[in-house]
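Written out below as structure tokens is the structure these notes cover.
Throughout, read-outs are computed from the coordinates displayed, never taken from laboratory work. This one's a predicted model, so the numbers in the text were calculated from it and none came from an experiment. So basically every Cβ, Gly included, is an ideal-geometry build from the backbone, and we count neighbours across all protein chains shown.
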Amino acid sequence: MRGPSVLPLEDITVVSLEQAVAAPFATRQLADLGARVIKVERPGAGDFARAYDRTVHGEASYFVWLNRGKESIELDIKNPDDRALLDRIIDQADVLVQNLVPGAVERLGLDAATLRAKRPELIHCSISGYGADGPYRTKKAYDLLVQCEAGMVSVTGTPEDYAKTGVSIADIATGVYAYTGILTAIYERERTGNGSTLEVAMLDALGEWMVQPAYYSVYGERPNERTGARHASIAPYGPYQAGDGSTVFLGVQSDREWKTLCTEVLGRPELADDPRFVTNTDRVENNDEITPLIEAAFADLTADDVVDHLEKVGIASARLRTPAEFFEHPQLQARDRWREIKTPSGTAQALLPPVTVLGREPRMGDVPALGEHNEALRAEFSDHGATDAAG
């Protein structure tokens with residue numbers, strides 16, 4: 001359903017001193033739910049993610065993805081007049097989000113203790129690489145570096161080479177937890193009247209996603225193996241070549257599904273009880289022997305034939321798609337999951353947020369030009385305007 005509707009965060013104002021990915025990802029989710037997000041940017045340069053690339057009609061792909069629906073104002077926080085303006089904006093805000101370099105908000109007097117002493121109802125969310133204390137507290141943190149520290153890179157890639165994930169997974173995980181933390185704080189404030197001080201560290205966020213491999217390694221007393229596109233601890237689960245040279249991925253999640261694969265796909269029902277393959281642990285140990293069995297069964301089939309047959313017998317499968325092919329995914333097209341948004345240089349397609357609320361269309365706002373809202377915000381939050389709003 002398209003069209004206007006009341007969004008749950010329409011009465012919430014968020015001020016964000018944000019850069020790059022993690023914080024903008026969190027605040028964009030809030031903007032999609034109707035929050036007013038005022039993005040504070042450096043004069044003349046702005047969020048450095050604006051310059052990551054120029055691929056979307058001259059705009060950066062990262063920036064277009066992360067910043068729709070926001071208002072942009074250029075402020076030099078060290079300038080007394082601009083700082084006074086920022087203070088007036090924060091005085092009217094419900095939420096402040098920041099991911100400045102470690103120690104910056106304390107030096108600027110924009111830390112949670114200072115701001116919430118004046119306004120206990122403020123929700124203050126700080127995003128950092130490694131947390132507010134500990135030996136790594138001042139260490140710079142970028143996505144790939146946190147992937148390394150969290151152990152992600154060590155379990156990704158082939159036996160010969162490490163690999164990073166193909167997306168900014170540490171930033172995304174952090175943004176998701178910041179977003180959910182802010183929503184929780186808004187809900188709590190509705191009940192108590194009090195705000196919250198939130199801290200989200202990239203190492204903690206990605207670390208949550210790394211606990212299973214850590215368990216497997218520590219309690220299993222065995223190193224995690226890098227298995228390329230195959231799953232490291234479930235088999236068979238990964239890529240297999242069809243007769244036309246294309247690749248099909250399939251996944252077997254249980255002994256029951258393994259029996260189905262042996263009987264209905266491989267035509268070898270006796271393999272279900274073969275001691276090498278009876279349990280998942282056995283299959284992982286002998287996965288190199290399973291791959292030729294599967295590819296032999298696929299040798300006379302096209303990838304389309306393989307996928308169709310796997311679907312009929314209830315074995316999960318997937319086609320290997322590029323990002324460009326995902327953009328044209330038939331399932332997304334059929335479910336009307338794309339919307340057109342405006343950027344400073346043209347229109348672009350944007351994917352709807354993952355959570356669908358029946359009868360409600362999220363706010364898919366424009367991507368702001370640097371300082372696009374300077375004049376309007378300066379007028380609104382001038383001494384006179386702020387006094388009127390407070391009154």
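Could you work out how far helix 303-313 tilts from the main Cα principal axis of the chain, as a 0 to 90 degree angle to the nearest 10? Around 80 degrees separate the two axes.
With K and R counted +1 and D and E -1, the other residues having a Cβ less than 11 Å from that of H329 yield a net charge of +2. Debye-formula intensities of segment 237-319, expressed as log10 I(q)/I(0) at q = 0.17, 0.25, 0.26 Å⁻¹, are -0.60, -1.33, -1.43 (one equal scatterer per alpha-carbon, no solvent). Qualifying trypsin sites (Lys or Arg not before Pro) in segment 133-201, where qualification requires a DSSP coil assignment and no more than 11 other C-beta atoms within 10 Å, comprise K140.
Taking 0.36 nm per residue of separation and subtracting the Cα-Cα distance, full extension of the segment from V355 to F48 would add 107.6 nm. Remark: the E328-Y216 segment gains 36.6 nm on full extension, using 0.36 nm per residue and subtracting the alpha carbon distance. Amide H to amide H distances under 5 Å link G131 with M202, where only residues 5 or more positions off or on other chains count and H is placed in the peptide plane. Structure note, pairs K78/K139; K78/K140; K70/K118; K70/K140; K39/K140; K78/K164: Cα-Cα distances above 30 angstrom occur for K78/K164. Output the 0 to 90 degree angle, nearest 10, between the alpha-carbon long axis of helix 169-192 and the longest principal axis computed from the alpha carbons of the chain. Orientation of helix 169-192: about 50 degrees from the principal axis.
Within the shell of other residues whose beta carbon sits under 14 angstrom from the beta carbon of L66, the net charge comes to -4, with Lys and Arg scored +1 and Asp and Glu -1. Inter-label distance, H57 to D273: 6.5 nm, where each label sits 7 Å from its Cα along the C-beta direction. Annotation for Y187 and L108: the two label points, set 7 Å from Cα along the Cα-Cβ direction, are 3.0 nm apart.
Between 0 and 90 degrees, the angle of helix 22-32 with respect to the longest Cα principal axis of the chain falls at about 80 degrees.
According to the Cα-based calculation, Rg over Rh for the chain is 1.05, with Rh computed by the Kirkwood formula.
For segment 237-319, what is the relative contact order in percent, using Cα pairs closer than 8 Å and at least 6 residues apart in sequence? List each step's numbers first, then the result.
Working: 109 pairs, mean separation 35.9, N = 83.
Reported as a whole number, the value is 43 percent.
Which of the peptides 87-93, 274-280 is most tightly packed, and how do the rest follow, going by the mean number of other Cβ atoms within 10 Å of each residue? The partial results should precede the final answer.
Details: 87-93: 18.9, 274-280: 14.4.
Going by the mean number of other Cβ atoms within 10 Å, highest first, we get 87-93, 274-280.
Scalar couplings 3J(HN,Hα) for segment 354-371, obtained by applying the Karplus form with A = 6.51, B = -1.76, C = 1.60 to θ = phi - 60°, are x, 7, 9, 9, 4, x, 10, 9, x, 7, 9, x, 6, 8, x, 6, 4, x Hz; x denotes Gly and Pro. Taking label points 7 Å from Cα along the Cα-to-Cβ direction, W209 and N374 give a separation of 3.7 nm. Here the Debye sum runs over all C-alpha atoms of segment 81-148 as equal scatterers in vacuum, and log10 of I(q)/I(0) at q = 0.19, 0.25 Å⁻¹ comes out as -0.79, -1.12. Kindly list the residues of segment 237-262 that lie in the label zone of R319, defined by a backbone N under 20 Å from the point 7 Å along the Cα-to-C-beta vector. What the label zone holds, given the 20 Å backbone N cut-off, is 238-251. Backbone phi angles across segment 62-78, fed through the Karplus curve with coefficients 6.51, -1.76 and 1.60 (θ = phi - 60°), yield HN-Hα couplings of 4, 5, 4, 4, 9, 10, 5, x, 10, 9, 10, 10, 8, 9, 9, 4, 7 Hz in residue order; Gly and Pro are listed as x.
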